[in-house]
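Working notes for the structure below.
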Amino acid sequence: MTREILLVMIPGAYFKSGDFAAHGFVSAVRRHGAAAEVLESGLPPAHYLDGDVAPWLHAHVIAPARGGRELWLLGISLGALGALLYAQAHPGKVAGMILLAPYVGSRGLVAEILDAGGLAAWDPGTMTPGNFERPLLAGLKAGLPQNLYLGYGQADRFAPASRLLAQCLPASHVVTRPGGHDWPVWEQLWDDILTKRPFDETEA
């Protein structure tokens, strides 16, 4: 049976419509021969403040487009947070995801986890209503989503959080590049991850 894959690309905070295509992310999928249909989602950043990222993605993007296809998510920066929130809200429904330069929590929360010795040693403590970052990271402490790939610039402002996630992943699923939080680095990381042929590792 032929596998059919839908790859949903989730933008960061200041992305414009069509940015993924303009920066070669869609053409790179074709160039690497990945058998995935690409869909760029136009997730408005305000939904992070409203706390309805996962419901919005499901209602407006994923449910109308998915059909019976295997679902993969690509998120950059704040879009990576959106991918993780969706996977947490829909356990077992995401076959895999790629996170580039992910934002997963405030600097203070990331520092708290680093001071504890990493996610495995961290005590999430009491959850505050309306705050989604601590419950998200508590969920990641319990277990990362399946088939997770991570890429980040070594000088990225979110690199400390990426290193926390990298500690919990196989080395083959983590790529880094010199540089910071910008498109030239993300383009290189995307090419590096596609070279690993991540979509070949799962079965529908």
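What the table below lists for this structure:
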quantity: Residues residue 111 and residue 155, FRET efficiency given R0 of 22 Å [Cβ-Cβ distance, rounded to 0.05]; calculated: 0.80
quantity: Selection from 100, 114, 195, by position along the positive dipole direction of region 81-204 (Cβ); calculated: 114
quantity: Relative contact order for the chain, counting Cα pairs under 8 Å that sit 6 or more residues apart, in percent; calculated: 22
quantity: Among 171, 151, 139 the positive-end extreme of the charge dipole of the chain (Cβ point charges); calculated: 171
quantity: Ratio of Rg to Rh over the chain (Cα coordinates, Kirkwood Rh, two decimals); calculated: 0.94
quantity: Cβ-based net charge around residue 116, under 11 Å, with every Lys or Arg adding one and every Asp or Glu removing one; calculated: -2
quantity: Rounded Å value of the spacing that divides the Cα centres of region 1-28 and region 162-183; calculated: 19
quantity: Inter-label distance for residue 52 and residue 187, nm, one decimal - labels placed 7 Å from Cα along Cα-to-Cβ; calculated: 3.7
quantity: Over region 1-84, relative contact order from alpha-carbon pairs under 8 Å, at least 6 apart, %; calculated: 51
quantity: Sequence ranges 11-19, 114-122, 72-80, 142-150, ranked by mean other-Cβ count within 10 angstrom, highest first; calculated: 72-80, 142-150, 11-19, 114-122
quantity: Spatially proximal lysines relative to residue 93 (Cα-Cα < 20 Å; intrachain offsets below 8 disregarded); calculated: 141
quantity: Where the chain is the region considered: accessible area per residue in Å², 1.4 Å probe; calculated: 46
quantity: Computed [θ] at 222 nm, helices only, for the chain once each DSSP H run of length n ≥ 4 contributes -39500 (n - 2.57); calculated: -10000 deg cm²/dmol
quantity: Sparse-neighbourhood loop sites, trypsin sites (Lys or Arg not before Pro) in region 124-188 - DSSP loop, at most 15 other Cβ within 10 angstrom; calculated: 157
quantity: Summed residue charge, Cβ within 13 Å of residue 191's Cβ, Lys/Arg positive, Asp/Glu negative; calculated: +3
quantity: Hydrodynamic radius of region 14-102 per Kirkwood, over alpha carbon pairs, in Å; calculated: 13.6
quantity: Listed peptides 183-189, 63-69 by packing density, highest first (mean Cβ within 10 Å); calculated: 183-189, 63-69
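The values are calculated or read from the model by the stated rules, or taken from the named source; none is laboratory data. All of these numbers come straight from a predicted model, not from anything done at the bench. Virtual Cβ from ideal backbone geometry, glycine too; neighbours counted across all protein chains shown. Heavy atoms of the whole protein, side chains included, go into the accessibility calculation; ligands, DNA and RNA do not. Shrake-Rupley method; radii C 1.70, N 1.55, O 1.52, S 1.80 Å.
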